[in-house]
Structure formats: C-alpha cells, structure tokens
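The values are calculated or read from the model by the stated rules, or taken from the named source; none is laboratory data. Computed from a predicted model, the values in this text were never measured in an experiment. Ideal geometry is used to build each Cβ from the backbone, glycine not excepted, and the neighbour counts take in all protein chains shown.
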Amino acid sequence: MSAIEIKEVVKTYFNRRDSSTVVDKLSIGVERGEVFGFLGPNGAGKTTTMKMLVGLTRPTSGALKVLGEKPDAPEVKKKIGFMPESSSFYLYLSGKEFLSFIADIFGLSKDKKEEKINKLLHEVNLYEARDVQIRKYSKGMGQRLGLAQALINDPEVLFLDEPLDGLDPMGRAEAKELLIKLKKAEKTIFFNSHILSDVEDICDRVGIIDKGHLIAVGTEQLICLTEF
Amino acid sequence: MFNRVLAIALNTFRESIRDRILFVVAVFALFIIGSSLFLGSISLDQDIKIIKDFGLTAIFLLQIFIIIFVGANLIYKEVERKTFFLILSKPIKKSEVIMGKWLGLSLTIFLMTALTSLMFFGVLFIKIGTLNGIPYLILAILLGFIEATLIIMISILFSGFTSPILSSVYTVSLFLIGHSSSVVLGIIDRQDNVIIKYIFSVLYYIFPNLEKFNIRNDVLYNSIPVFQTLALTVVYALAYGAALFLIAKFIFDRREY
C-alpha cells in the first residue's frame, strides 16, 4: 500500500462569474519511507494539492488517499504532520506555549508532552527562545517552529509546504539536516518547493507541476536529463 | 474529545485575556459602577436603586461589548491569519473548534463578570452596609451571563462567513431584535392581515427572545420570577444554543480552507 495515492484529481474553484482549475487530472503515488519533492513555480497548484492531502479542501473530482484512507479521516490526521507555507501562529503565545497547545490537540500526556516539546525545541534550535512571544520571532524562527509543530505527534507522513523558504544559509543547512534525519527514520515526506536545489540532497523522487498539470515525475537526475 | 475542546477553549481564553480591548471595556464598566456612588448621592432617596441600576447595566454592557469587540473576530482572525490551516489539519473536528471557541470566550466573560460584580457588591455594601438582596442581584447577573453565552454562539456563527465588522453589525442587530420581542408581539396583536400576522409570528419564534433573560428591572423592584419561569428560561437557552451550534457546524463543515 502506498503512503500517498493521488488519482486523477481535479480541483476547480468556482466564482460567481467564472471558474479556474488549479489542479488538473493529477496522479501521483508515494511509497512508504519515500521522500517526494513536488516542484513547480508559484501558483502551479502545489499548495492546493497539499491542502487536499491534509483534508483542508476537497477535490472536485478524483480520489486521494493517505495511508490507505481519505485525508480527512481522524485516524489519518493522527498520523500525519503538516507544515503550511509561511506558517501562521498565535502571535500572543510563546514558542513553547504554541507547541504545548498543538500537543494538547493530539492528546499527549503531560510528561510525554514536556519531553517531546523540549526535544523538538532543541532539534530546531529554538530552545533558548522557547519563552519568547512568537511575534518577536524572525521569519526563519517561525519556519523552524512550523517544522517543530509538524513533528509533535511523531508522524508517519510529513507534508511540508516550502519548508526552507525564508531561512538563511545556516538555517537551511540545519533544516536540511533535520529532514535527512527524518528520512533515515523512514518517514514518508511530501515536500513542496519551487527551488530545485532544495530537493537535491533530500528527495528520492521529484514531480514537476505547472499550471495544474503534472509535467514529469521521476528521480531528480532523470528529470534533469528530460527535455519538456 | 473534551481535551481538544479544552485546548481550544484555553487558547481562546488566553487570546481574549491578552486583548487590550478587554481592559478598555472592563475599565469602562468599573468607571460606571464607581460613578454610581456619586450619582446615587445627588439623587433624591433613590441612591440605592441608582447604584443597583447602574451596576447591573454596566455588567451587562461589559458582557455585550466583549462579545462584539472580541467575539466577532474569533473565527475570522483564524482564517485571516491562516492559523486554521494548522489546527484543522490536526485530528480535531470543526464542531470541537466551535465548542472550544464558545467555551473560551464564555470563560473570559465569566471571569470579567465575576470581577466587576465583586466591585459592584463592594460599592453596594459600602452604601447600605448589608448583603441583603445580593442573591437576587446575582440571579439577574447570572441570567445576563446565560444570555451572553447565547450571543457568543450567534457571534461565532456570523464570524464563520462574514468579516468582523459585518459580524458585529449582524450580532448587534440580532441582539436588538431579541430585546424587542414585545414590540413584535404588539404588531402581531394589532394586525388584521393574516399573512402579515403569520410572517411576524414566524419571525417572533425564529429570532431569539432575549427579554426572557432580563430580570434586572424585576430585581430592582423586588419582583422575582418564580422558579418554573427561570427553569424554562434556562431550557430555552439550551435549546436555542443547540440550534445555533448545529447551524454553525453546518456552515463550517461546508467551508473549505
């Protein structure tokens, strides 16, 4: 069973006057433990695809499955982690309070919660800033907090929307290191990016989307050799 | 389920407590209560009545202002700031979010009501030197609080599909209509046209009858409603609140982010 199955998915947004199809007959399969890079320019349909995969929006037609179930199934949501593009937070909370809130939604016990939060704060290098209000965080710190909240439930499948966006070179290197560590732990990662070099070191396979259409899918080397 | 509702509720409570508007509204309420001492002293043998009148009104206005200025933003801000993207991708139902938001703001209003009520009772005690009559005042404040929880649900429902300004306008409109139920009843009684009579009768039952929760005048004149009436008012609040919750759930379930 694939970790992620996308079959003939179409997403059309309807307005009063017209409609626009942002994802058109998209079909992709991602195996368990695989790191899949989903590349494309801004507005190509990457974020919409990811929103459908985490149950935030429904496809107009076609089918999506995550771990063999529909994405909005509660059992699936317990096993996935999602980091939205330019993560938004409750700015009045500190980084630690925010992670604690997310852990409460997952129903983590008090001891496990404390241990997990401290471990994640160290991993994303935010431990020193744990009690600082998020409104005082830089964009890079926000991205790292977004990554930490996506890992709070020790997910089987991770959906990351532009996870390296806004990070300085040092932050990029640290985030990549963390993603490689997750890859070694055999997590399935679905990774949106518009920068090819971001996926080079991390992804097993790459898919390229443009204007809602899947243009190519394969290994990064294969795609580099393909003319389209 | 309760853990998730509680997590949302505590976060909403924390958000509203850290909102500066809350303190502006609370200071305003405390100012009215405090000034009632002065106004009472310049009135002719009506000082205690004026203090009670001002105190109950200030507490009620505090509750309504918190709902209008804080509650109307509740859901809209989540969508605007995209924090919903994070929350709704987690194992939580939209109905649990609605319930948590309602509980969190109710908790804020309960706390602010308790604090202002304590000041109100303090002012009253300074003036009359006894706690006689305070249980009835507490009853009037509690019914006002129940009404406020109902208006919170109305505010959440509107904030689910409109901007904060429109949500505030709709909530205030429904609040005013809800306190004008006797006017609607008067129109129904005076109408000869069956169709208009029927339309107003339907409207009378659709819109909340918020006057049921207003016993402030009765308390001032020591006329307390019987237990059965009070119990029916609470049942009405539960039934109307449940209906509002189901409508809000329906709207939120259909919405995509």
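Picking from B:Y204, B:Y221, which residue would you name as being exposed (fewer than 12 other Cβ atoms within 10 Å of the Cβ) and away from every other protein chain (no Cβ under 14 Å)?
B:Y221
Being among the hydroxyl-bearing types (S, T, Y) and surrounded by fewer than 18 Cβ atoms within 10 Å (Cβ to Cβ) is the filter; apply it to the range B:18-45 and report the residue that is nearest to the other protein chains (Cβ to nearest Cβ). Even if it seems obvious, please write down each step before you answer.
Let us first name the residues in the range B:18-45 that are among the hydroxyl-bearing types (S, T, Y), namely B:35-36, B:41, B:43.
Then drop every residue that is not surrounded by fewer than 18 Cβ atoms within 10 Å (Cβ to Cβ), which leaves B:35, B:41, B:43.
Values: B:S35: 32, B:S41: 42, B:S43: 43 Å.
Ranking the qualifying residues of the range B:18-45, first place goes to B:S35.
In the range B:111-141, what residues are surrounded by fewer than 16 Cβ atoms within 10 Å (Cβ to Cβ) and either within 17 Å of the chain's Cα centre (by Cα) or closer than 23 Å to B:L6 by Cβ (or both)?
Across the range B:111-141, the qualifying residues are B:L111, B:A114, B:L115, B:I138.
Which of the residues spanning the range B:86-102 are within 7 Å of chain A (Cβ to nearest Cβ) and either within 13 Å of B:R255 (Cβ to Cβ) or touching a strand residue (DSSP E or B) at 6+ places or on another chain (Cβ under 7 Å) (or both)?
B:L88, B:S89, listed by residue number.
Given the criterion under 20 Å from B:L56 (Cβ atoms), among the charged types (D, E, K, R) and outside any loop (DSSP other than H, G, I, E, B), identify the matching residue among B:D218, B:D189.
Every option except B:D218 fails the conditions.
Checking the structure you have, find out if any residue of the range B:114-124 is within 14 Å of chain A (Cβ to nearest Cβ) and modelled with pLDDT under 90.
No: zero hits.
Which condition number in (1) within 20 Å of A:S193 (Cβ to Cβ); (2) more than 10 Å from chain B (Cβ to nearest Cβ) is the one that A:K116 fails?
(1)
Please specify each residue of the range A:158-191 satisfying the condition of being closer than 25 Å to A:S138 by Cβ and touching a Pro at 6+ places or on another chain (Cβ under 8 Å).
Passing the criteria: A:D161, A:A175, A:L179, A:F191.
Check whether at least one residue in the range A:138-159 is of a type in the set (D, E, K, R) and closer than 22 Å to A:L56 by Cβ, and report yes or no.
yes
Can you pull out every residue in the range B:49-76 that is without any contact (Cβ under 8 Å) to a residue 60 or more places away in the chain and surrounded by fewer than 22 Cβ atoms within 10 Å (Cβ to Cβ)?
Hits for the range B:49-76 are B:I50, B:F54, B:L61, B:F65.
Does A:N153 qualify as being in a loop (DSSP other than H, G, I, E, B), on the phi > 0 side of the Ramachandran plot and crowded, with 16+ Cβ neighbours inside 10 Å?
Here the answer is no, as A:N153 does not meet what is asked.
In the range A:194-210, which residue that is modelled with pLDDT of 85 or more and part of a loop (DSSP other than H, G, I, E, B) is farthest from the chain's Cα centre (by Cα)?
Here is the first cut: in the range A:194-210, the ones modelled with pLDDT of 85 or more are A:203-210.
When the remaining residues are screened for being part of a loop (DSSP other than H, G, I, E, B), the result is A:203-204.
Values: A:C203: 13, A:D204: 16 Å.
Residue satisfying both the conditions and the ranking: A:D204.
Which one of these is within 8 Å of chain B (Cβ to nearest Cβ) and under 18 Å from the mean Cα position of the chain (by Cα): A:L99, A:L56, A:L39, A:L64? If you could, list the steps in order and put the result at the bottom.
Working: A:L99 fails: within 8 Å of chain B (Cβ to nearest Cβ); A:L39 fails: within 8 Å of chain B (Cβ to nearest Cβ); A:L64 fails: within 8 Å of chain B (Cβ to nearest Cβ).
After ruling out the rest, the residue left standing is A:L56.
Conditions (1) farther than 20 Å from B:I87 by Cα; (2) modelled with pLDDT of 90 or more, marked per residue:
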| position | (1), (2) |
| --- | --- |
| A:N118 | yes, yes |
| A:E123 | yes, no |
| A:P163 | no, no |
| A:A173 | yes, no |
| A:T226 | yes, no |
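Is it true that B:E15 is at negative phi, surrounded by fewer than 17 Cβ atoms within 10 Å (Cβ to Cβ) and within 14 Å of chain A (Cβ to nearest Cβ)?
Working: at negative phi: yes; surrounded by fewer than 17 Cβ atoms within 10 Å (Cβ to Cβ): no; within 14 Å of chain A (Cβ to nearest Cβ): yes.
When the stated conditions are applied, B:E15 does not pass them.
If you check A:E85 against the conditions, is it within 14 Å of chain B (Cβ to nearest Cβ) and in contact (Cβ under 8 Å) with a residue 40 or more places away in the chain?
Judged against the criteria, A:E85 is a match.
Which residues, taken from the range A:130-150, are more than 30 Å from A:E69 (Cα to Cα) and either among the aromatic types (F, W, Y) or assigned to a helix (DSSP H, G or I) (or both)?
A:I134, A:R135, A:K136, A:Y137, A:K139, A:G140, A:M141, A:G142
Does B:N217 count as within 20 Å of the chain's Cα centre (by Cα) and more than 21 Å from B:I154 (Cα to Cα)?
For B:N217, the condition - within 20 Å of the chain's Cα centre (by Cα) and more than 21 Å from B:I154 (Cα to Cα) - is met.
Since B:D253 meets every condition but one in (1) under 17 Å from B:I156 (Cα atoms); (2) surrounded by 15 or more Cβ atoms within 10 Å (Cβ to Cβ), which condition does it not meet?
(2)
If you take the residues in the range B:67-84 that are in contact with a Ser or Thr (Cβ under 7 Å, 6 or more places away or on another chain) and within 12 Å of chain A (Cβ to nearest Cβ), which one is farthest from B:F23 (Cα to Cα)?
Selected residue: B:K82.
Only one of these is under 27 Å from B:E96 (Cβ atoms) and surrounded by fewer than 19 Cβ atoms within 10 Å (Cβ to Cβ): B:T171, B:T162. Name it.
On the way: B:T171 fails: surrounded by fewer than 19 Cβ atoms within 10 Å (Cβ to Cβ).
The match here is B:T162.
Could you give every pair whose Cβ atoms fall below 8 Å, whose first residue belongs to the range A:110-139 and is surrounded by 14 or more Cβ atoms within 10 Å (Cβ to Cβ), and whose second residue is of a type in the set (F, W, Y) and assigned to a helix (DSSP H, G or I), counting only separations of at least 6 or pairs across chains?
Close Cβ pairs (under 8 Å, with a partner that is of a type in the set (F, W, Y) and assigned to a helix (DSSP H, G or I)) amount to A:N118/A:Y127; A:L121/A:Y127; A:I134/A:F98.
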